[in-house]
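The values are calculated or read from the model by the stated rules, or taken from the named source; none is laboratory data. Remember, predicted model here, so these are calculated numbers, not experimental data. Neighbour counts run over all protein chains shown; Cβ positions are idealised from the backbone, glycine included. Side chains are part of the model used for accessible areas, which takes the heavy atoms of the whole protein and leaves out ligands, DNA and RNA. Shrake-Rupley method; radii C 1.70, N 1.55, O 1.52, S 1.80 Å.
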Amino acid sequence: MKFQQTLTSLFVIGALSACGGSSSSNSVADEATTSVSGKAADGYLRNATVCLDLDKNKMCDAGEPSATTGEGGAFTLEGVTQAEIDENPLLVIVTKGETVDEDYLDDANGGVVQKAYTLSAPAGYTFISPLTTLVQNEVENGNSIEQAESSVQGKLGTTLALDKDYVEAKASGDDAAEFKKLHQIAQVTANVIATNMDALKTTAETEGVELDELVSLITTKVFAALATITQTVESAALDGDDNFDVESIATDINEDHVAIETEGLKEQVAQNEATKTSMQISLAELIKDGGIHWFWSEEDDDTIFLEFGMLKLDSAGDVIDDEYEIDENDEQQVLTFEVDPKQLILTDKGWVAEDDNIKTITLNADGSITLNMGTTALNETVTAKEIAIEGLSVQAALQNSGGDGTWAEAVSSTLKFPAGSKAYQLDFTPSSASSPYGFNLGDWCEEGNPTRWEQLGESCNGVDWDGEPATTLDPMIINASASTPPSMAENSIYIAGLTENQVNGDIIMQVIQGGKADFYKRLFYPTDSTTKLASGTWKDITVHGKVLREFSVPSSVANIDTNWSDVNEDNNKFFHTVYNGFVRVVWEDTEDGDDGELVFNEVAKNTILTNASRDMLPEKEQSENGGETEQPENEEETEIPSGTEQAMSQG
């Protein structure tokens, strides 16, 4: 059913009244009927339509068992067969101006929603929420319910059941705090889904996009950002319930990670639908034949990097791993990567130098391949699905290539893949010996502060305590009674340097017994002052036998403009650990893997490179790498301000 035919039901009229009965063509006339009850929530959703989506078109059509939710999001579908319950997803239609979200009853509009959207849940669920919607979308993408649940739980960082009523469960019990977090994530997720539905509805109607395809595209994009949503919610929650701003968080997440452009919407939908119908192939055979061609891009404040390469095995079984960059003159430059001995990662063998260069490739009997890296803990097993992309938008495909998708901006929106083009969607399984924790010992202080360089054993990454590099973790914990506004170095740790507009100051932290961390702004000019900003948390974790002290920083602190910071902006966390006799600052790699990345065959690769140009990109200072050895990932030359000797984390 075309999107235009759904506008009346989804965006204009109110919730449908219950149809009852089992008159759909899927029913068996003499089969016994029963009822099914449940709840619909972002917060509890009142006056929304719930139905069994028998034809799976994301609409509550006439003849489909339906009901209207009451207080607490409660509903009962009458006259349904057990087969219908077992075989069909539940759908919730949230109607603008009529459905009430009980999370916001105290708002000026009494909780009446201002944007329409749909939620769903897999067959057999009786609780429907934004989180179950993500599970159902994974089911529709070809996964079993168990696989879908596991995927969503992994991004949420939880083992809790996703079909459980988190609104009720957060009120009490051992897992109350965790269910509260799931509720907050659901609030943000619903807001992002609704914002995109509202922004795209007119374009979708004009271009004849089907509703179920639009919902699938939006939900897939949200799923890809779910780990980031989770991390952002965890950080924002540290600021307290009164300061937890769902709208602000959702807006930032949407703008940075989800927002779907109206331009090329139909092409993006077509790409998403093609991905859903992909077929598993033997990557082992592919890597021996024509190999795979990858594209990676990244845009920061000053530079746009456009890189590409080929990975294959030659006839002797040796690895061919060619890597290039498109420089500022639209010319191809060879990239080379040197191993930085100061870049360390935590493995089952302890802290080791990170070498992610592919040394050999193992071809596995099941068609997967194993990439054997210089550091064996970084080994990955990779599988692939083939996607039919002939006639599809090159730009839409490149949005799903490696990195941040900036490659898509280097080609025309009208460019299509010719006959013979193929794409492959990769899925990565890391080695069990790996971990996401790493840091760089650093050399940024070698010339500017040679004393520190020597103190830390020819490195710069260290944490100061009482004016000297700390050698153990425990002395930096203080009693609650001592947690008064500190002087410049009293019982405190420097974690960031303020920018020039907050002249001559730092962010400092006190670590309090019992898991509390207090954060302060310390200024030296124009007045000497210390102001408490907020409180976060800390805890000790053990990974591969090493103790890491994890600090979670409130978003109100993490978002302060700084010219250096120990805080990882991707998850508002940092870690301390002892290495070679000194306390170091560690980061957690929050990249959500490369799962879902698209790579291409030679025909598709040539189409991209022949038609790509930096002239299409926004104005930026271009990369000056130009064939020189690339600076190792995460390494930055950062000048540490005078008076703040704490080394910047590089993990």
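Considering only alpha-carbon pairs that sit under 8 angstrom and 6 or more positions apart, the relative contact order computed for the chain is 11 percent.
Cβ neighbours within 10 Å, averaged per peptide: list 606-612, 128-134 in order, most packed at the top.
Ranking the peptides 606-612, 128-134 by packing returns 128-134, 606-612.
Contact order for the stretch 276-366, expressed relative to its length and based on alpha carbon pairs under 8 Å spaced 6+ residues apart, stands at 18 percent.
Taken per residue, the accessible surface of the chain reaches 43 Å², heavy atoms only and a 1.4 Å probe.
Placing unit charges on C-beta atoms (Lys and Arg positive, Asp and Glu negative, everything else neutral), compute the dipole magnitude of the stretch 273-405 about its Cα centre in debye, rounded to 20.
Numbers: 7 positive and 30 negative charges, 194 e Å.
Dipole magnitude for the stretch 273-405 comes out near 940 debye.
Mean sequence separation of contacting Cα pairs (under 8 Å, at least six apart), scaled by the length of the stretch 101-176, corresponds to a relative contact order of 19 percent. For the stretch 356-365, putting each phi into the Karplus relation 6.51 cos²θ - 1.76 cosθ + 1.60 with θ = phi - 60° gives couplings of 9, 6, 6, 8, 9, 10, 9, 8, 8, 4 Hz, in residue order, rounded to whole numbers and with x for Gly and Pro.
Adding -39500 (n - 2.57) for every DSSP H run of four residues or longer, then dividing by how many residues the chain holds, sets the calculated 222 nm ellipticity at -6500 deg cm²/dmol. Computed from the coordinates I sent, Cα Rg over 2.2 N^0.38 Å equals one of (i) 0.99; (ii) 0.94; (iii) 1.04. Tell me the label. Answer by label: (iii). Of the trypsin sites (Lys or Arg not before Pro) found in the stretch 336-394, those in coil by DSSP whose Cβ has at most 16 other Cβ atoms within 10 Å are LYS349.
Positive-end ranking of PHE337, GLY438, THR34 along the dipole of the chain, with charges on Cβ about the Cα centre, is headed by THR34.
Each residue of the stretch 412-420 was assigned a 3J(HN,Hα) from its phi angle through the Karplus expression (A = 6.51, B = -1.76, C = 1.60, θ = phi - 60°), giving 5, 5, 9, 6, 10, 6, x, 4, x Hz with x at Gly and Pro. Here LYS39 is the anchor, and the aspartates and glutamates within straight C-alpha reach of less than 12 Å, apart from those fewer than 8 places off in the same chain, are GLU71, ASP163, ASP165, GLU168.
Kindly provide the GluC sites (Glu not before Pro) of the stretch 223-291 that DSSP labels as loop, not H, G, I, E or B, and whose Cβ sees at most 16 other Cβ atoms within 10 Å. Here the GluC sites (Glu not before Pro) that fit, given the DSSP loop and packing criteria, are GLU261, GLU263. Surface composition of the chain: carbon and sulfur atoms hold 45% of the protein heavy-atom accessible area at a 1.4 Å probe.
If only the Cβ of Lys and Arg carry +1 and only the Cβ of Asp and Glu carry -1, the dipole of the stretch 491-579 around its Cα centre is close to 340 debye. Selection among TRP453, TYR520, ASN243 by position relative to the dipole of the chain gives ASN243 as farthest towards the positive end (Cβ unit charges, Cα centre).
Phi angles across the stretch 328-337 convert, under the Karplus curve 6.51 cos²θ - 1.76 cosθ + 1.60 with θ = phi - 60°, into 3J(HN,Hα) values of 5, 9, 6, 10, 7, 10, 6, 9, 10, 10 Hz, Gly and Pro given as x.
Students often get this wrong, so check it: of LYS201/LYS221; LYS164/LYS573; LYS155/LYS180; LYS349/LYS539; LYS349/LYS516, which have C-alpha atoms separated by over 20 Å? Over 20 Å Cα-Cα: LYS164/LYS573; LYS349/LYS539; LYS349/LYS516.
Applying the criteria of a DSSP loop state and at most 16 other Cβ atoms within 10 Å to the GluC sites (Glu not before Pro) of the stretch 426-478 yields GLU446, GLU447, GLU458.
Using Cβ point charges alone (K and R +1, D and E -1), the dipole size of the stretch 80-179 about the Cα centre works out to roughly 300 debye.
Of all lysines in the structure, those lying under 18 Å Cα to Cα from LYS359, and not within fewer than 8 positions of it along the same chain, are LYS288, LYS312.
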